[in-house]
């Protein structure tokens, strides 16, 4: 998968999770470049994907603003994913703890 699509997917996920609610401004391009370790054009391409989906409004000189939650994603979907991740982490922790106990 192209790097800009990976970034677009992550931004979409973070918007759906409520990190940036509708009306919020995303961090500036230079901040996103630092966060993702990506080039200017890669960040712009990722934002463009979300603009075309109707998720972002991009204003030259002002930044990118959240217009709507990504289609097909709701806070319930995000919560389900977070609960599943929590359960997976708890299982992994238990497995490591059992391994440590058996090693001693």
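Read-outs: derived from the displayed coordinates by stated rules, not from any lab. Since the structure is predicted, the reported quantities are computational estimates derived from the model, not experimental observations. Counting neighbours? That spans all protein chains shown, and the Cβs are built from the backbone with ideal geometry, glycine included.
Relative to the longest principal axis of the Cα atoms of the chain, the long axis of helix 3-16 lies at roughly 80 degrees.
Counted residue by residue at 0.36 nm each, then reduced by the alpha carbon distance between them, the extension gain from residue 97 to residue 31 reaches 20.0 nm.
When 42, 104 are sorted by how many other C-beta atoms sit within 10 angstrom of their C-beta, beginning with the fewest, the order is 104, 42. Ranked by how many other Cβ atoms sit within 10 Å of their own Cβ, fewest first, the residues 71, 101 fall in the order 101, 71. Taking the longest Cα principal axis of the chain as reference, the axis of helix 40-52 is set at about 80 degrees. Between helix 75-103 and the chain there is an angle of about 30 degrees, using the helix long axis and the longest principal axis of the Cα atoms. For the pair residue 89 and residue 39, label points projected 7 Å from Cα toward Cβ lie 3.4 nm apart. In this entry, the chain is assigned a mean projected area of 8.6 nm², taken as a quarter of its C-alpha convex hull surface. As a rough guide to protection, the peptides 11-24, 51-64, 84-97 ranked by mean Cβ packing within 10 Å, highest first, stand as 11-24, 51-64, 84-97.
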